[in-house]
1. Here are some residues: 304, 330, 345. Which one is in contact (Cβ under 8 Å) with a residue 12 or more places away in the chain and within 14 Å of ligand 2 (Cβ to nearest atom)?
2. Determine the pairs where a residue that is among the polar types (S, T, N, Q), located within region 150-174, has a partner that is not in a strand (DSSP E or B) with Cβ atoms under 7 Å apart, the partner being 6 or more residues away or on another chain.
3. Would it be correct to say that residue 90 is modelled with pLDDT under 95, more than 21 Å from the chain's Cα centre (by Cα) and not acidic (Asp, Glu)?
4. Looking for whichever is within 16 Å of ligand 2 (Cβ to nearest atom) and over 30 Å from residue 345 (Cβ atoms) here; the options are 6, 102, 33. Which one fits?
5. Filter region 181-208 down to the residues that are open to solvent by less than 10 Å² (accessible area, probe 1.4 Å), under 21 Å from residue 93 (Cα atoms) and within 11 Å of ligand 2 (Cβ to nearest atom) and list them by number.
6. Only one of 284, 316 is crowded, with 17+ Cβ neighbours inside 10 Å and over 21 Å from residue 131 (Cα atoms). Can you tell me which?
7. In region 209-225, which residue that is within 12 Å of ligand 2 (Cβ to nearest atom) and not polar (S, T, N, Q) is nearest to residue 95 (Cα to Cα)?
8. So which residues in region 335-371 are in contact with a Ser or Thr (Cβ under 7 Å, 6 or more places away or on another chain) and under 18 Å from residue 293 (Cα atoms)?
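The values are calculated or read from the model by the stated rules, or taken from the named source; none is laboratory data. From a predicted model like this one, the values you see are computed outputs, not experimental measurements. Here the Cβ positions follow ideal geometry from the backbone for every residue, glycine too, while neighbour counts run over all protein chains shown. Note: areas computed on protein heavy atoms with side chains; ligands, DNA, RNA excluded. Shrake-Rupley method; radii C 1.70, N 1.55, O 1.52, S 1.80 Å.
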Amino acid sequence: MEARRHAEVAGGGFAGLTAGIALAKAGWSVRLHEQNDELRDFGAGILLWRNAMLALEVIGVAPAIRAHGVVPDVYATSLNGEMFPPELGGYPYWAITRPKLHELLSQAARDAGVEVVTGSEAVGADPAGALLLADGTRLAADLVVGADGAGSAVRNSLPALAQERKKYQDGVCRVLVPRPAEFAGPEWNRVIDFWTLEPDAMRILFITTGPDTVYMGMMASTANERASRIPIDPEIWGERFPHLKAVVDLAAEATGGRHDAYQTNRVTPWSSGRAVVVGDAAHAMCPALGQGASVGIVNAVELAHTLGQFDDIDEALAAWEAKERAMTDAAQARSAYMAETRTLARGNGFTSEVMETANFVLDAATPAQIA
Ligand code: FAD
Ligand code: 5PR
């Protein structure tokens with residue numbers, strides 16, 4: 001019998017956990033290193049599109065997401081108080097809190113037999129097949145997976161991986177707030193994207209994450225310092241969105257939120273020898289389409305699937321990148337275009353071209369899962 005293949009994964013975010021689960025389910029032994037002392041994610045919400053849900057179906061996590069998340073009724077956009085026709089009615093996409101999604105993936109990783117090591121910082125990878133840790137340890141592996149986020153140390157240690165980085169004008173404060181009584185009604189079981197563009201662009205993306213919580217993505221130009229602050233400044237947001245004052249005041253009290261400026265990082269190629277990058281380490285993108293984690297989850301599941309189709313790891317990595325590259329590049333380019341032009345403010349944003357990413361069908365999925 002052939003020896004069991006072994007993977008060392010750096011990073012316990014959505015991409016690393018998904019890669020770990022998918023590889024373990026495909027028969028690999030997997031050890032996952034998270035630099036923090038515990039596996040967790042910060043207080044915000046996240047949209048999981050159909051592509052991500054299909055990938056999570058393949059690794060058996062989708063039922064738990066359905067039990068803990070919600071399908072928003074529609075995606076509605078409002079500019080200066082004018083509502084555009086609602087979009088995505090009946091489209092199966094999910095909203096869930098990030099801590100819950102992270103907890104479900106962490107549990108699934110442990111259930112699949114992934115060995116999780118916390119407080120373990122990666123500093124690089126050797127393309128010959130080893131993960132290098134900050135404490136000097138060198139861990140040999142058939143495959144090293146760098147899932148260590150946009151600032152990836154694994155990626156940065158691999159000279160063969162070229163990077164094109166770009167920063168954008170806008171940034172987002174993300175907070176999770178208790179759902180107040182004023183917003184309890186069914187008319188709030190939606191994603192509502194509230195925009196103003198004058199005197200400068202400010203936006204509150206209101207996303208239901210269930211009966212108890214609301215996720216708010218509060219976007220502004222990073223030049224608008226008061227609107228880019230955590231904790232949320234209730235005055236500046238309340239002035240621009242007076243009808244949302246109740247949630248803005250709660251957002252101001254929220255703990256555990258965070259501000260991020262928009263950035264993209266296009267990496268080519270995604271692997272060097274036995275080292276491969278997935279998730280934001282490979283393709284950090286603007287959040288405009290809410291696809292960053294979803295694409296990372298898809299690519300992680302496809303990676304494990306493709307490795308199962310080849311004896312040779314180099315061949316598998318090349319075939320995997322050939323399959324996922326066009327979809328990923330398109331998602332990065334579309335979300336960057338949306339961010340640069342702020343075109344979502346005018347509604348009707350989810351055109352069939354934009355929905356291509358969400359409708360991506362994984363090779364790893366069975367016909368029953370796709371149906
Ligand atoms: P990360 O989440 O960055 O995880 C990396 C992990 O690796 C972390 O746990 C980190 O501590 C650990 N780590 C880092 N360095 C090391 C090291 N050297 N050694 C060991 N461990 C290390 N995506 C969606 O699909 N839907 C959305 O609705 C959505 N909304 C978004 C909104 C905003 C404002 C932003 C900025 C992004 C959004 N995204 C969304 C994108 C999504 O958040 C990211 O794509 C996703 O979190 C990336 O996951 P990851 O696992 O690749 O990286
Ligand atoms: N979509 C989602 C999101 O969380 C953000 C954006 C788009 C789901 C961040 O608020 O455009 O910034 C965005």
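1. Values: 304 fails: within 14 Å of ligand 2 (Cβ to nearest atom); 330 fails: within 14 Å of ligand 2 (Cβ to nearest atom).
Exactly one of 304, 330, 345 is in contact (Cβ under 8 Å) with a residue 12 or more places away in the chain and within 14 Å of ligand 2 (Cβ to nearest atom), namely 345.
2. These pairs meet every condition: 152/281; 169/222.
3. On the way: modelled with pLDDT under 95: yes; more than 21 Å from the chain's Cα centre (by Cα): yes; not acidic (Asp, Glu): yes.
Yes, satisfied.
4. Numbers: 6 fails: within 16 Å of ligand 2 (Cβ to nearest atom); 33 fails: within 16 Å of ligand 2 (Cβ to nearest atom).
That would be 102, the only listed residue that is within 16 Å of ligand 2 (Cβ to nearest atom) and over 30 Å from residue 345 (Cβ atoms).
5. Those that are open to solvent by less than 10 Å² (accessible area, probe 1.4 Å), under 21 Å from residue 93 (Cα atoms) and within 11 Å of ligand 2 (Cβ to nearest atom): 191, 193, 204, 206, 207.
6. Numbers: 316 fails: over 21 Å from residue 131 (Cα atoms).
Answer to the check: 284.
7. The extreme case among them is 215.
8. 336 - this is the single residue of region 335-371 that is in contact with a Ser or Thr (Cβ under 7 Å, 6 or more places away or on another chain) and under 18 Å from residue 293 (Cα atoms).
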